[in-house]
Amino acid sequence: RQPLGRALVGARGWAALSPELRELIADELNVQGLEDLSGIEADLVSFTVKPNFRALGKRFGSQTKLVAAAVAAADAGELARALRSGSAVSVDAGELGTVELNGEEVIVTEQPKSGWAVETGAVDTGTGETVALDLTITDGLRRSGLVRDVIRLLQDARKSTGLSISDRIDVWWSTTDADLAETLRTQGGAVAGEVLAVSLNEGSEGDLPVHHDADLGLTFQLRRTV
């Protein structure tokens, strides 16, 4: 439920997607924006390449160590990007000369750099779609997440108390969390609009049933608007 600021996408056909489809993807990922991954990927992940000794052994036999050493000495980023695009890669294997290797003969691993989560499809299929999520949580994003949490709790309470989907409600709330309190004071309109609340009041109301969420430190009451 925590919104993120952006996702970076690298995939075949990505540039041709319509704005409507991109908006749908952003909504499903719960990110505020989508950007193209090309050109900045090196800032997001570090690559490691290792020889697949089993696959290399079938092809090179006793000379496998020469090829393995060449893989270890090559530029990991260049090899990974070439394999992801579906290309074979060439390495200088000393007395064997230049040899071409495919995705089954080289094992590529990626390590996201701090602040990012990166997921890539199978390199050996030649597709290698990649999505990178910016994990930086700003004050604005954190409060957007709190708004979503409160909306979820109120919607669940509406259902549990038997309200119909069109019923308007009045809400009273209190919290021990200063950040949540400020969020509800400043963004209460967004919450009210989603849960059909006519009023969103700080405090309590008589003997109405009390709902409490320990994780948020939120206590609230609601009733159908008369």
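The values are calculated or read from the model by the stated rules, or taken from the named source; none is laboratory data. These numbers come from a predicted model, not from an experiment. Note: ideal-geometry Cβ built from the backbone for every residue, glycine included; neighbour counts use all protein chains shown.
Per-residue answers, yes or no, for (1) out of contact with any helix residue (DSSP H, G or I) (no Cβ under 9 Å at 6 or more places or on another chain); (2) among the basic types (Lys, Arg); (3) modelled with pLDDT of 95 or more:
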residue: ARG158; (1), (2), (3): no, yes, yes
residue: THR161; (1), (2), (3): yes, no, no
residue: ILE165; (1), (2), (3): no, no, no
residue: SER174; (1), (2), (3): no, no, yes
residue: ASP177; (1), (2), (3): no, no, no
residue: ARG185; (1), (2), (3): yes, yes, yes
residue: ASP207; (1), (2), (3): yes, no, no
residue: PHE220; (1), (2), (3): no, no, yes
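Given the condition at pLDDT 90 or above, under 30 Å from ALA11 (Cα atoms) and either crowded, with 16+ Cβ neighbours inside 10 Å or of a type outside the set (A, V, I, L, M) (or both), answer yes or no: does some residue in the stretch 62-69 qualify?
yes
Looking for whichever is over 30 Å from ASP215 (Cβ atoms), outside any helix (DSSP H, G or I) and among the hydrophobic types (A, V, I, L, M, F, W, C) here; the options are VAL67, VAL49, VAL71. Which one fits?
VAL49
What pairs come out if I take residues in the stretch 210-226 that are in the same structural domain as LEU154 (by TED's automatic domain parsing) and on the phi > 0 side of the Ramachandran plot and pair them with residues that are surrounded by 16 or more Cβ atoms within 10 Å (Cβ to Cβ) and not hydroxyl-bearing (Ser, Thr, Tyr) whose C-beta lies under 7 Å away, six or more apart or interchain?
GLY217/LEU180
How many residues, within the stretch 59-86, are under 21 Å from SER46 (Cβ atoms) and of a type in the set (Ser, Thr, Tyr)?
1
Within the stretch 134-155, identify whether any single residue is buried (at least 17 other Cβ atoms within 10 Å of the Cβ), acidic (Asp, Glu) and modelled with pLDDT under 95, and answer yes or no.
yes
Has the stretch 147-158 got at least one residue that is hydrophobic (A, V, I, L, M, F, W, C), over 17 Å from ASP215 (Cα atoms) and either assigned to a loop (DSSP other than H, G, I, E, B) or more than 18 Å from the chain's Cα centre (by Cα) (or both)?
Checking the stretch 147-158: not a single residue is hydrophobic (A, V, I, L, M, F, W, C), over 17 Å from ASP215 (Cα atoms) and either assigned to a loop (DSSP other than H, G, I, E, B) or more than 18 Å from the chain's Cα centre (by Cα) (or both).
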